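The block underneath contains the structure these notes are about, expressed in structure tokens.
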Amino acid sequence: MKNNDQRSSVFWFAVGLAIAFYSKKYGLGTFSSPGPGFVPFLSGLAIALLALVVLFQQRHKEGKESLKDLWVQRKWPTTLLVMGVLVSYTIFLKTLGFILTTFLLIAFLYRAMEPLSWRKVLLGAISTALGSYAIFQLWLQAQLPEGIFGF
């Protein structure tokens with residue numbers, strides 16, 4: 001294998017095939033009446049197909065990429081901070097509720113990843129939190145945590 005993208009493509013191709021293979025034991029059903037294994041089966045096939053696309057793209061790519069190049073010029077403090085905030089999101093989701101926690105997460109991400117003006121941050125965070133609430137709670141009728149404030 002020439003580079004890490006090719007190696008990871010082979011890995012994800014195998015994962016996709018394994019998902020598709022093992023999901024068949026749950027029953028695929030039909031298109032009009034899908035079984036519990038239908039969506040995982042299609043997801044596994046999609047993973048395998050996308051991995052093949054990346055593999056073939058990388059086979060035609062010129063130049064070699066070393067492992068050292070993958071670690072140079074990375075913003076590790078920001079990456080670790082985002083990971084910590086995502087963990088905090090899952091911890092506080094039940095306590096603070098979906099809307100408030102999602103608003104805080106999106107506002108942080110807008111501000112930390114691509115420093116935007118506060119007006120854009122607030123508008124984006126409010127619209128994302130309320131839009132996702134409308135989709136999941138009102139349209140799909142999923143049960144989202146309300147939190148201590150009742151929303």
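The values are calculated or read from the model by the stated rules, or taken from the named source; none is laboratory data. What you see is a predicted model; the values in this text were computed from it and never measured. Using ideal geometry, Cβ is built from the backbone for each residue, glycine included, and neighbour counts are taken over all protein chains shown. Heads up: the accessible areas ignore ligands, DNA and RNA and are worked out on the full protein's heavy atoms, side chains in. Shrake-Rupley method; radii C 1.70, N 1.55, O 1.52, S 1.80 Å.
Some values worked out for this structure:
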read-out: Qualifying residue in region 71-87 (condition: under 17 Å from residue 18 (Cβ atoms) and either open to solvent by less than 100 Å² (accessible area, probe 1.4 Å) or at pLDDT 90 or above (or both)); value: no
read-out: Subset of region 1-16 (residues that are open to solvent by less than 100 Å² (accessible area, probe 1.4 Å) and in a helix (DSSP H, G or I)); value: 4, 5, 6, 8, 9, 10, 13, 14, 15, 16
read-out: Where a residue in region 123-134 is in contact (Cβ under 8 Å) with a residue 12 or more places away in the chain and its partner, wherever it lies, is aliphatic (A, V, I, L, M), with Cβ under 6 Å and at least six apart; value: 125/106; 125/107; 128/106; 129/99; 133/99
read-out: Some residue of region 17-29 being at negative phi and part of a loop (DSSP other than H, G, I, E, B); value: yes
read-out: Which numbered condition residue 144 fails, given (1) modelled with pLDDT of 90 or more; (2) surrounded by 14 or more Cβ atoms within 10 Å (Cβ to Cβ); value: (1)
read-out: Residue within region 117-132 that is assigned to a helix (DSSP H, G or I), modelled with pLDDT under 90, more than 19 Å from the chain's Cα centre (by Cα) and not β-branched (Val, Ile, Thr) present; value: no
